Amino acid sequence: MKAYREMSRDELLQEKRVLEAQFEEVKAKDLKLDMSRGKPAQAQLDIANGMMDALNSESDLKCESGIDCRNYGVLTGIPEAKKLLGDMSEVPADNMIIYGNSSLNLMFDTVSRSMTHGVLGSTPWCKLDKVKFLCPSPGYDRHFAITEYFGIENVIIPMLPTGPDMDMVEELVSTDPSVKGIWCVPKYSNPLGITFSDETVLRFAHLKPAAEDFRIYWDNAYSIHHLYDEPENQDFLLEILGECVKAGNPDIVYKFISTSKVSFPGSGVAAITASKRNLQDLEKSMTIQTIGHDKVNQLRHVRFFKDMDGMHAHMRKHAAILRPKFEAVLDGLEKNLGGLEIGQWTKPRGGYFISFDSLEGCAKKIVAKAKEAGLIMTKAGATFPYGKDPKDSNIRIAPSYPTPEELAIATEIFVLSVKLVSIDKILEEKE
């Protein structure tokens, strides 16, 4: 089929009549489908059920340093958990603090602490007239929500195939002391699924901030979340902390990680990696905030995974579940929208999302149209600060949660919605 813009008005109207009939058929099924967030499916949760058996009432609950994990103490995490998540983060265990179950919680706390107490002795952000954060977009909505919650001004940075527009990042960071941070999902990013290039990582490491308390918030949420087992089909990300040390910038980055989409999303283990000075600064508040996080859960994770080989083997099970879902959506998009020139989409090799760009001004209508037929998607605009996509074109597709059968129907609904809204857009232009 030729591109929609090449069709005559009569051809478009005829196509629309056919599509509307198909849409009404699907709508009559009264479906309830959810592709709104990147939640692991039940099958993915089930593969971690063995973790529930890693510890029992007869287990030795002492960590390798001899501390009873049921008791108080070990503020920054048990040694073997630091080793496991350090290997996952590609950093020494000494550069890590283990926290609770959520890296998002940890990021919120880090921003909150900067607001009230500053960073390494700098002026608390709440006492400043203006605080800004750079937000590579399309990006992760929950990141943007944190800084918005604290009244921090979110500044859009365009995303390129190599990562954020580093020319813009370098200009703003080096000239504006009110710029205090930047959000990053550097590997299999949310929602684009891209991985930052080596050049991008090196440019981050060599930033020269106007603000001494500027920090890169490096959320490496999908560090081992490949869709394909073969190394040649996996993305590689240069390790940021080591590059910052080489660049003479050891304090510039906070690196976050968790097992949320490795083990159980609601009961994982989160950690932060940073320079010794940054870690000491974090520990000051931790001594007031807590006597220690859940060491039993830390021990459970170590006993279940044992080491990175065990973790990689587990992630291959995740990939076996996710890969067919991603390929089904991508095949459906290519088969039904390829050549029509009414949308573009990413083809990620890992992570949890496919990013779709519609014709300008169509994203909200497409999401609303899909909802009419029972398909709930991420709100259009959510991938930009304040929920405002300047082009109203980006839509995040999350294939992980529906069953394969549901996903086939969901893709059909989405495709029909894209076609119908796009035809209306083109007809308006012709008139």
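Summary table below
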| item | result |
| --- | --- |
| Verdict on ARG349 being open to solvent by 60 Å² or more (accessible area, probe 1.4 Å) and either of a type outside the set (Asp, Glu) or within 22 Å of CYS184 (Cβ to Cβ) (or both) | yes |
| Cβ-Cβ under 8 Å pairs, at least 6 apart or on other chains, segment 344-365 side closer than 21 Å to GLN234 by Cα and assigned to a strand (DSSP E or B), far side open to solvent by 20 Å² or more (accessible area, probe 1.4 Å) and acidic (Asp, Glu) | TRP345/ASP357; GLY350/ASP235 |
| Where ASP53 falls short, out of the listed (1) charged (D, E, K, R); (2) exposed (fewer than 14 other Cβ atoms within 10 Å of the Cβ); (3) closer than 18 Å to THR287 by Cα | (3) |
| Conditions (1) surrounded by 12 or more Cβ atoms within 10 Å (Cβ to Cβ); (2) at pLDDT below 95: number failed by ASP68 | (2) |
| Selected residue (criterion: farthest from MET286 (Cα to Cα)) from residues of segment 102-144 that are among the aliphatic types (A, V, I, L, M) and under 23 Å from the mean Cα position of the chain (by Cα) | LEU134 |
| Search result, residues across segment 27-50 that are touching a strand residue (DSSP E or B) at 6+ places or on another chain (Cβ under 6 Å) and open to solvent by less than 30 Å² (accessible area, probe 1.4 Å) | LEU33, MET35, SER36 |
| Set GLY310, GLY339, GLY332, GLY292: member being outside any strand (DSSP E or B) and open to solvent by 30 Å² or more (accessible area, probe 1.4 Å) | GLY339 |
| Helices (runs of 4 or more DSSP H) lying entirely in segment 1-92 (those with 1 or more residues that are over 27 Å from LYS425 (Cα atoms) and touching a helix residue (DSSP H, G or I) at 6+ places or on another chain (Cβ under 6 Å)) | 42-46, 79-89 |
| Residues of segment 86-105 classified as of a type in the set (A, V, I, L, M, F, W, C) and out of contact with any Gly (no Cβ under 6 Å at 6 or more places or on another chain), total | 4 |
| Among (1) surrounded by 19 or more Cβ atoms within 10 Å (Cβ to Cβ); (2) over 15 Å from TRP218 (Cβ atoms), the one test that MET166 misses | (2) |
| Considering residues of segment 235-251 that are touching a helix residue (DSSP H, G or I) at 6+ places or on another chain (Cβ under 8 Å) and part of a helix (DSSP H, G or I) only, the residue farthest from ARG349 (Cα to Cα) | LYS246 |
| Residue that is within 22 Å of the chain's Cα centre (by Cα), at pLDDT 95 or above and surrounded by fewer than 22 Cβ atoms within 10 Å (Cβ to Cβ), where the choices are LEU227, LEU238 | LEU238 |
| Qualifying residue in segment 262-275 (condition: open to solvent by 10 Å² or more (accessible area, probe 1.4 Å), of a type outside the set (Asp, Glu), closer than 26 Å to GLN42 by Cβ and out of contact with any helix residue (DSSP H, G or I) (no Cβ under 7 Å at 6 or more places or on another chain)) | yes |
| Subset of segment 333-343 (residues that are touching a residue at least 12 places away in the same chain (Cβ under 8 Å) and under 13 Å from LYS2 (Cα atoms)) | ASN336, LEU337, GLY339, LEU340, GLU341, ILE342 |
| Tally of residues being in contact with a strand residue (DSSP E or B) (Cβ under 8 Å, 6 or more places away or on another chain), surrounded by fewer than 17 Cβ atoms within 10 Å (Cβ to Cβ) and in a helix (DSSP H, G or I) across segment 366-377 | 1 |
| Among (1) among the aliphatic types (A, V, I, L, M); (2) more than 30 Å from LEU359 (Cβ to Cβ); (3) open to solvent by 30 Å² or more (accessible area, probe 1.4 Å), the one test that LEU13 misses | (2) |
| Residues that are buried (at least 23 other Cβ atoms within 10 Å of the Cβ), among the hydroxyl-bearing types (Ser, Thr, Tyr) and under 25 Å from PRO40 (Cβ atoms), drawn from segment 378-426 | THR383, THR411 |
| Cβ-Cβ under 9 Å pairs, at least 6 apart or on other chains, segment 8-21 side touching a residue at least 60 places away in the same chain (Cβ under 8 Å), far side open to solvent by 50 Å² or more (accessible area, probe 1.4 Å) and part of a helix (DSSP H, G or I) | ARG9/LYS430; LEU12/LYS430; LYS16/ASP424 |
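The values are calculated or read from the model by the stated rules, or taken from the named source; none is laboratory data. Bear in mind that the values here come from a model prediction, so they are computed numbers and not experimental data. No Cβ is skipped: glycine too gets one built from the backbone with ideal geometry, and neighbour counts run over all protein chains shown. In case anyone asks, the SASA skips ligands and DNA or RNA and just uses the protein heavy atoms, side chains included. Shrake-Rupley method; radii C 1.70, N 1.55, O 1.52, S 1.80 Å.
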